[in-house]
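Reading through the structure tokens given below for one structure.
Laboratory data are not the source of any read-out in this text; all were calculated from the coordinates shown. It should be emphasised that the depicted structure is a prediction, and the values quoted were computed from it without experimental measurement. Note that we place each Cβ from the backbone using ideal geometry, even for glycine, and neighbour counts take in every protein chain shown.
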Amino acid sequence: MDDALTFDELRLGDRWKSPARTMTEADIVNFAGMTGDFNPLHVDHEFAKGTPWGKPIAHGLLGLSWVAGLGSNAPRPNIVALVAIREWEFLKPVFVGDTLHVITEVVGKQAKGRRAGRVTWKRSLVNQRGVVVQQGYFDTLVATSSEPPVRRRRRTQSAEMEPSS
């Protein structure tokens, strides 16, 4: 798909807001099943009553996974590889019923050759009250526009996203 953004099209300071998704108890239980992390903080309502939050909270890595997924569509870059996740912070808990979206900003660009450049994205997971619950930096390699269009088309997927102001 031709509409994926290339390294050359990205500018420092570009920002996007992803679509939102609401955390469900099924999301938490399914994540626990996939990872084997059945810590009672996440899945035991009686135990969680005695925690500072008074109820179960979502796994931090579940939130990070949502950042990777929701953020991959806003914007839709022609990513060649994920290079690093840096300085990730788990700032506030995520609860069942929280509706979350991702704010993504281009904060760094470094040319790496003719085929790709390194892009640093600041990503923030934000709840329905506008509170940042997680944040940090993703480094990716993004294809340049000099890569042949046929190869670009095979590696990308379509999405209609506009930068937010």
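Some values worked out for this structure:
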read-out: Cβ-Cβ under 8 Å pairs, at least 6 apart or on other chains, the range 83-106 side at positive phi, far side of a type outside the set (A, V, I, L, M) and surrounded by fewer than 12 Cβ atoms within 10 Å (Cβ to Cβ); value: 97/22
read-out: The range 121-146 residues that are in contact (Cβ under 8 Å) with a residue 24 or more places away in the chain and over 21 Å from residue 84 (Cα atoms), paired with ones that are of a type in the set (Asp, Glu) and surrounded by 17 or more Cβ atoms within 10 Å (Cβ to Cβ) (beta carbon under 8 Å, 6 or more apart); value: 127/98; 128/98
read-out: Residue 9 acidic (Asp, Glu) and touching a residue at least 40 places away in the same chain (Cβ under 8 Å); value: yes
read-out: Matching entry among 76, 86, 21, 114 (being closer than 17 Å to residue 136 by Cβ and not small (Gly, Ala, Ser)); value: 86
read-out: Count of the range 101-117 residues which are closer than 25 Å to residue 128 by Cβ and out of contact with any Lys or Arg (no Cβ under 8 Å at 6 or more places or on another chain); value: 0
read-out: Test: residue in the range 60-81 that is over 11 Å from the mean Cα position of the chain (by Cα), farther than 18 Å from residue 26 by Cα and polar (S, T, N, Q); value: yes
read-out: Residue 73, sole failed condition from (1) within 20 Å of residue 128 (Cβ to Cβ); (2) assigned to a helix (DSSP H, G or I); value: (2)
read-out: All helices (runs of 4 or more DSSP H) inside the range 1-70 with 2 or more residues being in contact with a strand residue (DSSP E or B) (Cβ under 7 Å, 6 or more places away or on another chain) and surrounded by fewer than 17 Cβ atoms within 10 Å (Cβ to Cβ); value: none
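One line per residue, one yes/no per condition, for (1) loosely packed, with under 15 Cβ neighbours inside 10 Å; (2) over 19 Å from residue 13 (Cα atoms):
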position	(1), (2)
80	no, yes
86	yes, no
94	no, yes
97	yes, yes
103	no, no
110	yes, no
113	yes, yes
120	no, no
126	no, no
